[in-house]
Each structure stands twice: as C-alpha cells, then as structure tokens.
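Inspection log for the structure reproduced underneath, given as structure tokens.
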Amino acid sequence: MIEYFFSQYRDYPTFDIVLEIVAVIFGLLSVWYAKKDNILVFPTGLVSTSIFVYLLWKWTLWGDMMINGYYFVMSIYGWYHWTRKKGDTEEFPISKISSSEKRIAIILFIFTVAFVVSVYHYFGKFTTWYAYVDTFITGIFFVGMWLMAKRKVENWIFWIIGDVISIPLYFSKGFTFTSFQYVVFTIVAIFGYLEWKKISDSSQTELQK
C-alpha cells in the first residue's frame, strides 16, 4: 500500500518533498481558517501558495502554477478586504452572491479557461488527459478564490467541485501528499459551506426583523 501511494517520491529531492509537506500543512490550515471565517486564512494561504508556485514551476505544471500565483495575489486582496470596517462593524460580512456578481463569475470563468487553454496550446502541453481537466478546474478555482475574497457563501460550492476533481488529478500526476490534501479540502469545504450559509441566513433573518 505504501509503495503504491508513495513510490513516485523515490527519485524526488528531499528538499522538494519537505516543501510539498509544508505547503500542504499550511494549505490545510488556510482552508480550516476560511471555514471559521478567520482572517488567518490569508497569511497561511500566502505561505502555501508561494511554495506551490515554486514547486509547480519546477514540475512544469503551468496551469496549476498560475492558479497558485493567482491565489497569492487574491490572498493579499482578501486580507485587505476582510479587514475593512465601518466603525466596529465589518464592511463586507458573509453574504450570498448577487446577480451582477454571478455575471462577473461567469465571465471570469470563461476568460480564465480561454487564457489557460491558449497557454497550454502555445507550449504544446495538451499531451495528457489531465491537461484538459486542468484548464477546467483552473477556471473553477479562480472563481472560487474571487468569491472567497469577497466573502460570498457560494465560494465553497466552487471549492467542493474543484477539490473533488483534483483528488484523482493530483494522484495521477504523482503528487500523493497534495492529493490527500484535496480529500481533506473537500470535507472542510462541505462543512464550510454549511457554516457560512447558516451565518448568512441568520444575518438575513436579523435584517428582516
């Protein structure tokens, strides 16, 4: 069993294995803090994504690298966005997506997929089945991160879809630790959605009183 899951690490540099484990740990912490609506989601996310940008560049997985580079930038934006307040009240509390934000999300998804497809095509990377899957989940994750930075409940739906697809995707690529990370991500994302939805529904009820 151990040989089946971890044999691909036999020829990996020890430093890269340690980096991947550290990135996974901070990634898990980031998702946990997101579930708890805790601003530490962003500094922990910055550590994880910066390491993954380096590793994915080495592994020539450019679609994944762009995702993590985007996460890094959006983590900085989200960190600022979440700290904004009007007096003692949060300026941007947890809420549901609006009609205009739905349109933006669709445009962002289409633009992202088109961009990644063009990059993969230019570098001749459409040589495996997971290259095609990668372009799709890149769009999914781009929208999910944007919605999380804006504190929208629906961000978790995109994370759940992307995480479920990523489990077999990363395992097939030979990155077992990262694949296991997405198993945990999926579980936390489900509970995150339920928790954020409860908070949003409660806020709506208070406003209607």
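The values are calculated or read from the model by the stated rules, or taken from the named source; none is laboratory data. Owing to the predicted nature of the structure, the values given are computational and were not obtained by experimental measurement. Cβ sites come from the backbone with ideal geometry, for glycine too, and all protein chains shown count toward neighbours.
Descriptive notes on the structure:
This table checks each residue for (1) under 16 Å from the mean Cα position of the chain (by Cα); (2) at pLDDT below 90; (3) farther than 16 Å from Trp82 by Cα.
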| site | (1), (2), (3) |
| --- | --- |
| Ile17 | no, yes, yes |
| Val22 | no, no, yes |
| Tyr33 | yes, no, no |
| Pro43 | yes, no, no |
| Ser48 | yes, no, yes |
| Ile51 | yes, no, yes |
| Tyr54 | no, no, yes |
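- All positions within the range 56-86 that are at pLDDT below 80 and surrounded by 14 or more Cβ atoms within 10 Å (Cβ to Cβ): Trp59, Leu61, Trp62, Gly63, Asp64
Residues are listed down the side, and each one gets a yes or a no for (1) out of contact with any strand residue (DSSP E or B) (no Cβ under 8 Å at 6 or more places or on another chain); (2) not basic (Lys, Arg):
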residue	(1), (2)
Phe115	yes, yes
Tyr122	yes, yes
Trp146	yes, yes
Arg151	no, no
Ile167	yes, yes
Lys173	yes, no
Phe180	yes, yes
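- Qualifying residue in the range 87-95 (condition: at positive phi and buried (at least 17 other Cβ atoms within 10 Å of the Cβ)): no
- Residue match in the range 173-184 (condition: under 17 Å from Val113 (Cα atoms) and either crowded, with 20+ Cβ neighbours inside 10 Å or at pLDDT 90 or above (or both)): no
- Summed over the range 96-124, residues that are within 16 Å of Trp156 (Cα to Cα), of a type outside the set (Asp, Glu) and touching a residue at least 12 places away in the same chain (Cβ under 8 Å) total 4.
- Any hit, the range 35-55, residues being free of Cβ contacts under 8 Å to residues at least 24 places away in the same chain, of a type in the set (Ser, Thr, Tyr), within 19 Å of Glu195 (Cα to Cα) and buried (at least 16 other Cβ atoms within 10 Å of the Cβ): no
- Candidates Val164, Val133, Val113, Val153, filtered to the one that is farther than 21 Å from Gly192 by Cα, surrounded by 14 or more Cβ atoms within 10 Å (Cβ to Cβ) and at pLDDT 90 or above: Val113
- If you go through the range 172-195 and pick out every residue that is touching a residue at least 40 places away in the same chain (Cβ under 8 Å) and under 17 Å from the mean Cα position of the chain (by Cα), you end up with 12.
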